[in-house]
1. Applying the selection to the range 246-292, what residues are within 16 Å of the ligand (Cβ to nearest atom), in contact with a Cys (Cβ under 9 Å, 6 or more places away or on another chain) and part of a loop (DSSP other than H, G, I, E, B)?
2. Only one of these conditions is not met by residue 120: (1) at negative phi; (2) touching a strand residue (DSSP E or B) at 6+ places or on another chain (Cβ under 7 Å); (3) assigned by the TED database to the domain that holds residue 185. Which number is it?
3. Does any residue of the range 351-363 turn out to be surrounded by 19 or more Cβ atoms within 10 Å (Cβ to Cβ), assigned to a loop (DSSP other than H, G, I, E, B), basic (Lys, Arg) and in contact (Cβ under 8 Å) with a residue 24 or more places away in the chain?
4. Among the residues that make up the range 211-219, is at least one of them crowded, with 18+ Cβ neighbours inside 10 Å, touching a Cys at 6+ places or on another chain (Cβ under 8 Å), without any contact (Cβ under 8 Å) to a residue 60 or more places away in the chain and in a strand (DSSP E or B)?
5. Can you name every residue in the range 21-44 that is polar (S, T, N, Q), within 13 Å of residue 74 (Cα to Cα) and buried (at least 17 other Cβ atoms within 10 Å of the Cβ)?
6. How many residues does the range 221-242 hold that are exposed (fewer than 15 other Cβ atoms within 10 Å of the Cβ), farther than 15 Å from residue 151 by Cβ and touching a residue at least 12 places away in the same chain (Cβ under 8 Å)?
7. If I filter the range 218-245 down to residues being over 25 Å from the mean Cα position of the chain (by Cα) and not acidic (Asp, Glu), which single residue comes out as farthest from the ligand (Cβ to nearest atom)?
8. Answer yes if at least one residue in the range 150-164 is farther than 20 Å from residue 112 by Cα, of a type in the set (S, T, N, Q) and free of Cβ contacts under 8 Å to residues at least 12 places away in the same chain, and no otherwise.
Amino acid sequence: MNDLVKGSIDLIRQLNYGLVYASLEEHTELSRTDLSRLTGLSPASITKITRELLDNELVVPCGETSVGRGRRQTLLRINERRYQFLSMRLGRGYVDMALFDLSGRSLSRHRHQFSQDEREELLASLIAAIRRFLPAKGVRLACIALCLPGQVERHTGRVRHFPYYDLRNWPLGPTLEEAFGVPVLVSADVRTWIQAEREWGAAKDCADAVLVFVHNDIGVGMVVNGQLIESENAMLGDLSHLQLEPYGQRCYCGGFGCACTLVTNQALESQYRDLRVRMGEMDLPEQVTIRELCELALEGNSLCQQILQQAASRLARVLANLICLLNPGKLLLGGELARADRLLFPMLHQSLASQLPGEYLVRLQIESTRFYEDPTKPTSIQVHKALRDGSLLLGLLRGHDEEGIIRG
Ligand SMILES: [Zn+2]
C-alpha cells in the first residue's frame with residue numbers, strides 16, 4: 001500500500017475516534033445508537049470504537065436507556081478520572097502549572113519562580129519544577145500542554161525565539177517529551193488563547209475574532225471564519241515591529257520607532273517616569289508598574305490618563321491595519337493595559353473612528369480577554385482539541401501511557 005493511501009486511512013480512523021469522543025464530551029451521556037446517529041458512523045464502527053475506549057477505561061458505562069420495543073441500551077460517558085494532563089504557561093521568570101482531569105477540572109496548581117541560577121539552565125530547572133509539582137502517586141499523565149510568549153514551531157515543539165531569556169532554537173517540546181514520555185503540545189500564547197476565547201470565552205459566538213496581547217511585545221492571535229490562522233512559520237502574528245515613528249527610539253530589532261518601543265508595558269512605564277519629571281509631579285510615586293499606572297488613571301490621575309490616551313492613539317494605528325485586513329467582529333485586548341478598559345476602550349474607538357471607514361466599525365466590538373488571570377485554563381484548549389481530533393486519543397489507546405505514567 002502506498003504511503004498516501006495508508007496515511008488517509010489512518011487519518012480517517014483518527015478522526016472517527018475523535019468524533020466519538022467529541023460527541024461524548026458535548027452530550028455527556030450517550031448510547032451507541034445515539035453515537036451512530038450523531039456521528040454518522042455505522043453501528044459496527046461505533047461498537048468497535050467504544051469497545052476500545054471501554055477496554056482502556058477512557059469511557060465507562062453510566063446507566064441504561066430504552067431504545068423502543070422495550071430494548072435497553074447502555075449509556076456511556078467519558079471517564080474524566082482516567083487520565084490527567086498538565087497545562088503550563090512559561091512566563092518571564094516563572095512558570096504557572098496546573099493539573100487538570102479530562103473534563104477540564106483543575107485538580108491542583110502552582111506558580112514556580114525561577115531563581116537566577118535556575119534561569120541559567122532553564123530547561124533542567126523546568127523539568128525539576130514539574131517533577132516537584134506532580135503528585136508522587138496516582139497520576140496518569142496523558143500529555144503536557146505549554147504555551148509561552150515567543151515564536152514556536154508548531155509541529156516540532158521547538159522554540160525559535162524566546163525573547164525574555166534570549167533563547168534560540170530551544171528544544172523545549174522534544175526535551176520534555178523525552179523526560180516525561182508523553183506528547184508535549186507547545187504553542188505561542190496568543191494562538192492558543194484566541195482558540196480558548198472562541199471555545200469558552202469572549203469570542204464564543206463570533207467566527208471572526210482577533211486577540212491582541214500587549215505585554216513586552218504585541219502578539220496577535222487570529223480566527224477567520226472560525227478557523228485559526230496558523231502556519232509552520234513561527235513568525236506569525238507579531239506586530240511588535242510595525243513602525244509607528246520613523247524617527248523614534250531605536251528598537252532592539254535594529255529599527256526605529258517600532259510599536260514595541262511605544263505601547264508595551266515597559267514603554268509606558270518609562271513614559272510615566274519621564275512625564276512625571278517633565279511635569280514636576282513629584283507627589284506621584286517615582287516609578288509605577290503598568291498595573292499601578294492603570295489604577296491611577298482609573299482613579300482620575302490626569303498624567304496617567306494622558307499616557308493612556310497617547311497609548312490608545314498609537315495602539316489604534318496598529319489595530320487599524322489588523323481591522324482593514326481581517327474585518328473582525330470582536331477585537332479582544334489582553335495584558336495589564338486592559339485593566340484600564342473603562343477608559344482605554346472608548347479612547348480606542350474614538351481613535352479608530354478617525355482612521356477607518358465607518359463600515360469597519362459598525363460590527364466591531366472591543367472587549368477584554370476573559371482568561372488573563374489564569375493562563376493555564378486557555379492553554380488546556382490544546383489538549384481538548386487533540387482529544388477531539390483523535391490524535392491524542394489514539395496515542396492513549398496505543399498505550400503511550402504505559403511508559404508515561406509518573407509512578408510514585
Ligand atoms: Zn523593532
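1. Those that are within 16 Å of the ligand (Cβ to nearest atom), in contact with a Cys (Cβ under 9 Å, 6 or more places away or on another chain) and part of a loop (DSSP other than H, G, I, E, B): 248, 249, 251, 252, 253, 257.
2. All conditions are met except number (2).
3. In the first step, residues of the range 351-363 are kept if they are surrounded by 19 or more Cβ atoms within 10 Å (Cβ to Cβ); the result is 351-352.
Next, only the ones that are assigned to a loop (DSSP other than H, G, I, E, B) stay: none.
Looking for residues that are surrounded by 19 or more Cβ atoms within 10 Å (Cβ to Cβ), assigned to a loop (DSSP other than H, G, I, E, B), basic (Lys, Arg) and in contact (Cβ under 8 Å) with a residue 24 or more places away in the chain, one finds none in the range 351-363, hence no.
4. no
5. Residue satisfying the conditions is 31 alone.
6. Residues that pass the stated criteria total 3.
7. Within the range 218-245, the match that is farthest from the ligand (Cβ to nearest atom) is 244.
8. Quick first cut of the range 150-164, residues farther than 20 Å from residue 112 by Cα only: 151-161.
Those left that are additionally of a type in the set (S, T, N, Q): 151, 156.
Checking which are free of Cβ contacts under 8 Å to residues at least 12 places away in the same chain leaves us with none.
No, because not a single residue in the range 150-164 is farther than 20 Å from residue 112 by Cα, of a type in the set (S, T, N, Q) and free of Cβ contacts under 8 Å to residues at least 12 places away in the same chain.
The values are calculated or read from the model by the stated rules, or taken from the named source; none is laboratory data. Since we're looking at a predicted model, the values are computed, not measured. Heads up, the Cβs are rebuilt from the backbone with ideal geometry, glycines too, and the neighbour counts pull from every protein chain shown.
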